[in-house]
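Below is one structure, written out as structure tokens; the observations come after it.
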There are 2 protein chains.
Amino acid sequence: MNYKVLFQPSGLLAAAEEGMTLMEAARQNGISLNAPCNGGHSCGKCRVKVREGITEQYDAGPDIAHLSPMTPEEKLLLDSDEQNGQIRLACFARVSGNITVRVLDQNADEENIILESGKEKQFEIKPAVKKYFLRLKKSTLEDNRDDFSRLCDFLKEAHPELKGEINIDYQVLKTLPDILRKSSWRIAVTVLYGQEIIAVEPVTEDGLYGMAVDLGTTTIAAYLCDLNAGRVLLSDSMLNPQISYGDDVLSRISYCLMNEDGLAELNRLIIDTLNGLFQRMAEAAGIAVENITETVLVFNTAMHHIALNINPGYLGVSPFPSAISCAVDLKARDCGLRIAPAGNVHCLPVEAGFVGADNVAVLIAEEPYKQEKMRLIIDIGTNGEICLGNKERLLSTSCATGPAFEGAQIKCGMRAAKGAIEGVFIEPGTLEAKLKVIGRTGWRQEFSRNFVQGICGSGIIDAVAQMLKAGIIDSGGKIQSCPASARIRKGSDGKMEYVLLFQDQGADKDIVINQKDIRAVQLAKAALYAGARILMKRMGVEKPDGITLAGAFGNYINKHSALAIGMFPDCGAESIVSVGNSAGIGAKMALLSVEKRREAQETAEFIEFVETASEPDFPRCFADAMYFPR
Amino acid sequence: MNYKVLFQPSGLLAAAEEGMTLMEAARQNGISLNAPCNGGHSCGKCRVKVREGITEQYDAGPDIAHLSPMTPEEKLLLDSDEQNGQIRLACFARVSGNITVRVLDQNADEENIILESGKEKQFEIKPAVKKYFLRLKKSTLEDNRDDFSRLCDFLKEAHPELKGEINIDYQVLKTLPDILRKSSWRIAVTVLYGQEIIAVEPVTEDGLYGMAVDLGTTTIAAYLCDLNAGRVLLSDSMLNPQISYGDDVLSRISYCLMNEDGLAELNRLIIDTLNGLFQRMAEAAGIAVENITETVLVFNTAMHHIALNINPGYLGVSPFPSAISCAVDLKARDCGLRIAPAGNVHCLPVEAGFVGADNVAVLIAEEPYKQEKMRLIIDIGTNGEICLGNKERLLSTSCATGPAFEGAQIKCGMRAAKGAIEGVFIEPGTLEAKLKVIGRTGWRQEFSRNFVQGICGSGIIDAVAQMLKAGIIDSGGKIQSCPASARIRKGSDGKMEYVLLFQDQGADKDIVINQKDIRAVQLAKAALYAGARILMKRMGVEKPDGITLAGAFGNYINKHSALAIGMFPDCGAESIVSVGNSAGIGAKMALLSVEKRREAQETAEFIEFVETASEPDFPRCFADAMYFPR
């Protein structure tokens, strides 16, 4: 027998033969578990929590019964309060049925910290889908209109605002005669854009749900919304499982180009992941996933193409054309998303090449096109997108910041998760460091054993700014030797490095910033600054009226540090505001408001994309910006 | 290993395990072969012809290699010119690969005779799909529009008649970037209704094909059309395999009601059959089935629902409402039809309950709504549909004629196929009969051994009219005893019968018309006449200006006989015209002309459906019409 194992929180689904251990199932399916003893039944780290209750999606037995019984050997490795069968070790537990487990320990700690706040904006709640409640007169010999005409006639009579022609999705039509009669002609009708009937249910199904998704290169954030009430019921997020195919979009595009089934594979992975996420959120909210009638997706252009199963290969080479830039509405069933049978998928428009629908989402959340002030809006994810403008004119560009600000390609870099250094202060004289670490309060120099595991983006910027201020690096970014401090030393690569935290201060290794890290930060900040510079020049402004930082990263960043290393154009720190995950907010707005969708389409057409690669000034701007601050 | 065996001309697909004989595969899948010896390797009747050449749809080997070698025993049962391996006996040949075979002998003889003529009408060729040839400028850094916008811009520039918004089918969008570049930006774009791009191909794919289908209760007729040239490339027809679930629509509706998966089963059967038919026609025309971009379907309301996988159950009970009556456009992929990936399926509108899209097709072919004269249009298939009217007013009704006119429920009845009596002349004095039989010329009294197998619809009407004229039956339909003639005798049921042909005159049994057959004809003709009568009364006319007979049946019928038994209202035989398969002609017209589709929709709305069941006069009309002539 073959079974399925769903690993949470990743949402990855593994196939497992009867009798295979969870560890074997995970490995065979490319899912990594924390196992220092390498499955040797000795470390007790590969703990998983068996999902409580019933796994309705597969079969009716409780999950706990779908694993081999616990052996005394396994019990020895568990704490006494963990021996009730809910906590198991993946190297021991053998599969005997479909099962969902939550991976504990390291992986659980690594769950991403996603900003959920971000001020919500004022806008009229007017979703693209609307539910109408009707009581039809049943058909008689004297009035034997066909079911669909009867439905339309009653719908239009009760709701004269529905003016134009109304169609019905074929999947809904198939069920129409039975639903009408089984519900005794009292029905709830869901209409998309006032034009297409996409659900007919008994009148008791009064909920109307939608899902807004910010599908990032690294993180997926999803918001289950009550479309009647116009509010978020539940938010959830998870790592994009495609990170095992590369941290940035270019490596994913390469994967699609280099492997015959590469696109199909990446597409399947993301669709399966979204389906798993939707299922888990619907279960948590106590609704059926089929009650979700619409989903709005925002993503960068590469993720857009991969999620829609469109070859992203041409995005990677000049002139970087996308397959489609306007908003796309498609049937969820056509792209494999499991929501309502006739559910709609709305993808916000793409601006151009690398400036994707996620940036459009940021714009409809921030609404620069309604403002007088000339703001620079910077969204730093795995790529950087920059917009400059106001209601008169909007310019945008993308910059290849690389993933340095996300902690990738940095020697001790990591994502913003528990155990990551997020703030750095270096005492100018002694060159000693005080650190702020996620999961611990205040500034400290010592941590509990092995607690600190690396440094995340905001910590890196802080570190570089502080190293500059303390004279550890010069304006060219070179680490200066300083025999007086044990923290400045030659690393294993023979290049200089600065030790932020020694292992015996509570790290799992010496946490350092090395010369290569500094170079990566220089390249990233130069790309960002030069991009902004090109836009300002094109716009004819010397200084923006303010800077808006979008993305979770912007919330954690120390503005003073960012200004100190010259990431942004000169602008008082008080003019820099962080707005959180604007892309997610924009996605929610588009889900809740057709007006916002209109704004999105208009903005995508209104904005002028500036291709920095074809700007003659760009190389010089970029080279200048490599210096600290510039 | 499991293989597939496609049996032609039925188009039925059977699953076969390795080593199974073709006979076993056929039986296991409910396909009947002619095998008097019951698979005993002795009669040599189960001959099949192996399809020549390559079965591209399955794999690359010639079909002949996918059967076990011929044994000496099998050779003995074949003629000497049949021993080259192309002709095999199903009871011997064992399956070793996917294969297509054509069943010979009896089954081949039984292929239906479908009328292909029928005068084609004048109308403007303007299909719903149109192909445009474009040469795009490739994208550059200066002009890096997304692929879809580029395509639309070039399309609209070259064809200003395409005014509104243009969408693209998602399946086409997925392939767009690759197609554009692989075809060096020279492409053929197929647009549906001037609104949606449903195919983008290299410019070399210049053909544009569509399929019109008249999906009858008994027979499926399909017309593969060249939409550029506006002509039929190929016609083909086959029995509707659903006849094994009952001859008439009511028995199929019952099957759906009585069996949990009944609808799914019947739906799958018809869709598979259409796919097989399309495949075989495309192969015969030398095109890929994916090059068919649109199909127009006409059918009665029950077949409409079953083909669209909609519960037909409510059609069978008062007030007989259909699920939808307006024209339906849907993606072929959504209903399982394998044509172009984004191909369109257009179903003509339904008039009401039992007056289906096939009758609308008859009307757009006959155009009574453009005429001054008050014509009665009668379409006799398994059900009878009647229309009466002109450009001022159109009435329609359906009559439960039952399948008597098709030879079903008649003791010696059969379909209009080789060996069927289609004409009868009875000498008034001697009561001897002269017969006209399909497959033989002229009027005869003797035939070669076992040649005559039964009597088809036109023969039945002739027989009854002649029996009436010769005094064998009275005006009440009772067969009169006549000891002088051996042809009038008591049948095995104790009731009287008239022998049309004795077995020793060349029949496979005595071919008779018995009292029960006469009653069936009386019921059928009374239903038809009473229906016409009700319409005439409602319209306020005493006599129509003429009668149009649609359907293959109308072509074969002897008008004088039909008038003699009172099938139609009184009207000179010269005013009765037969127009052949008007439903098929209407389907072709709708495929070739959007104007005809508009007419179809308008007609379906314009026509007034008269429900005879709720007419107080109907029972008396019906009872009166039971008499001969009335």
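The values are calculated or read from the model by the stated rules, or taken from the named source; none is laboratory data. On a predicted model such as this, the values are computed, not experimentally measured, just so you know. When we count neighbours, we look across all protein chains shown, and the Cβ atoms used for this are built from the backbone with ideal geometry, even at glycine. For accessibility, only protein heavy atoms count, side chains too; no ligands or nucleic acids. Shrake-Rupley method; radii C 1.70, N 1.55, O 1.52, S 1.80 Å.
The table that follows gives values for the structure above.
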{"read-out": "Filtered residue count, segment A:539-571, keeping only those that are out of contact with any Asp or Glu (no Cβ under 8 Å at 6 or more places or on another chain), more than 19 Å from A:Asp462 (Cβ to Cβ) and open to solvent by 40 Å² or more (accessible area, probe 1.4 Å)", "value": "4"}
{"read-out": "Residues satisfying the stated conditions in segment B:219-245, i.e. within 30 Å of B:Lys156 (Cβ to Cβ) and part of a loop (DSSP other than H, G, I, E, B)", "value": "B:Leu227, B:Asn228, B:Ala229, B:Gly230"}
{"read-out": "Segment B:457-507 - residue that is hydrophobic (A, V, I, L, M, F, W, C) and part of a strand (DSSP E or B) and, of those, most open to solvent (accessible area, probe 1.4 Å)", "value": "B:Met496"}
{"read-out": "Boolean, B:Thr190 is within 10 Å of chain A (Cβ to nearest Cβ) and of a type in the set (Val, Ile, Thr)", "value": "no"}
{"read-out": "Lone qualifier among B:Gly551, B:Gly572 - being out of contact with any Lys or Arg (no Cβ under 6 Å at 6 or more places or on another chain), more than 14 Å from chain A (Cβ to nearest Cβ) and more than 30 Å from B:Pro319 (Cα to Cα)", "value": "B:Gly572"}
{"read-out": "Residue that is nearest to B:Asp334 (Cα to Cα) [pool: residues in segment B:180-189 that are open to solvent by less than 10 Å² (accessible area, probe 1.4 Å) and part of a strand (DSSP E or B)]", "value": "B:Val189"}
{"read-out": "1 or more residues open to solvent by 20 Å² or more (accessible area, probe 1.4 Å) and within 14 Å of chain A (Cβ to nearest Cβ): qualifying helices (runs of 4 or more DSSP H) within segment B:274-368", "value": "B:332-335"}
{"read-out": "Meets criteria (at pLDDT below 65 and either among the hydrophobic types (A, V, I, L, M, F, W, C) or not in a loop (DSSP other than H, G, I, E, B) (or both)) for A:Ala60", "value": "yes"}
{"read-out": "Qualifying residues in segment B:574-598 (those that are without any contact (Cβ under 8 Å) to a residue 40 or more places away in the chain and open to solvent by 20 Å² or more (accessible area, probe 1.4 Å)) - the one farthest from B:Leu468 (Cα to Cα)", "value": "B:Arg598"}
{"read-out": "Residue within segment A:398-406 that is in contact (Cβ under 8 Å) with a residue 40 or more places away in the chain, open to solvent by 70 Å² or more (accessible area, probe 1.4 Å), part of a loop (DSSP other than H, G, I, E, B) and among the aliphatic types (A, V, I, L, M) present", "value": "yes"}
{"read-out": "Matching residues in segment B:465-519 - criterion: being small (Gly, Ala, Ser) and under 21 Å from B:Phe447 (Cβ atoms)", "value": "B:Ser485, B:Ala486, B:Gly506, B:Ala507"}
{"read-out": "Test: residue in segment A:552-564 that is in contact (Cβ under 8 Å) with a residue 60 or more places away in the chain and either in contact with a His (Cβ under 6 Å, 6 or more places away or on another chain) or in a strand (DSSP E or B) (or both)", "value": "no"}
{"read-out": "Any pair with Cβ under 8 angstrom, 6 or more apart, that starts in segment A:256-267 at a residue that is open to solvent by less than 70 Å² (accessible area, probe 1.4 Å) and ends at one that is assigned to a helix (DSSP H, G or I) and basic (Lys, Arg)", "value": "A:Leu266/A:Arg252"}
{"read-out": "Top-ranked residue in segment B:120-158 [being part of a loop (DSSP other than H, G, I, E, B) and away from chain A (no Cβ under 14 Å); ranked as most open to solvent (accessible area, probe 1.4 Å)]", "value": "B:Gln122"}
{"read-out": "Boolean, B:Asn107 is within 14 Å of chain A (Cβ to nearest Cβ) and either at pLDDT below 95 or part of a strand (DSSP E or B) (or both)", "value": "no"}
{"read-out": "Within segment A:602-621, tally of residues that are away from chain B (no Cβ under 14 Å) and more than 29 Å from the chain's Cα centre (by Cα)", "value": "4"}
{"read-out": "Leading residue by the ranking (farthest from the other protein chains (Cβ to nearest Cβ)) among those in segment B:159-178 that are open to solvent by less than 60 Å² (accessible area, probe 1.4 Å) and over 38 Å from the mean Cα position of the chain (by Cα)", "value": "B:His159"}
{"read-out": "Verdict on A:Glu265 being outside any helix (DSSP H, G or I) and either among the aliphatic types (A, V, I, L, M) or over 15 Å from A:Gly381 (Cβ atoms) (or both)", "value": "no"}
{"read-out": "Test: residue in segment A:287-298 that is of a type in the set (Gly, Ala, Ser) and in contact (Cβ under 8 Å) with a residue 40 or more places away in the chain", "value": "no"}
{"read-out": "Evaluation of B:Pro241 against (1) open to solvent by less than 60 Å² (accessible area, probe 1.4 Å); (2) closer than 16 Å to B:Leu315 by Cα (one fails), failing number", "value": "(2)"}
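Matching residues to (1) touching an Asp or Glu at 6+ places or on another chain (Cβ under 7 Å); (2) at pLDDT below 95; (3) open to solvent by less than 10 Å² (accessible area, probe 1.4 Å):
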position	(1), (2), (3)
A:Leu376	no, no, yes
A:Ile380	no, yes, no
A:Asn390	yes, no, no
A:Glu427	no, yes, no
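Here is a yes/no grid of residues against (1) within 16 Å of A:Asp153 (Cβ to Cβ); (2) in a strand (DSSP E or B); (3) modelled with pLDDT of 95 or more:
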| position | (1), (2), (3) |
| --- | --- |
| A:Val172 | no, no, yes |
| A:Asp178 | no, no, yes |
| A:Val191 | yes, yes, yes |
| A:Val200 | yes, yes, yes |
| A:Gly207 | no, no, no |
| A:Val213 | no, yes, yes |
| A:Thr217 | no, no, no |
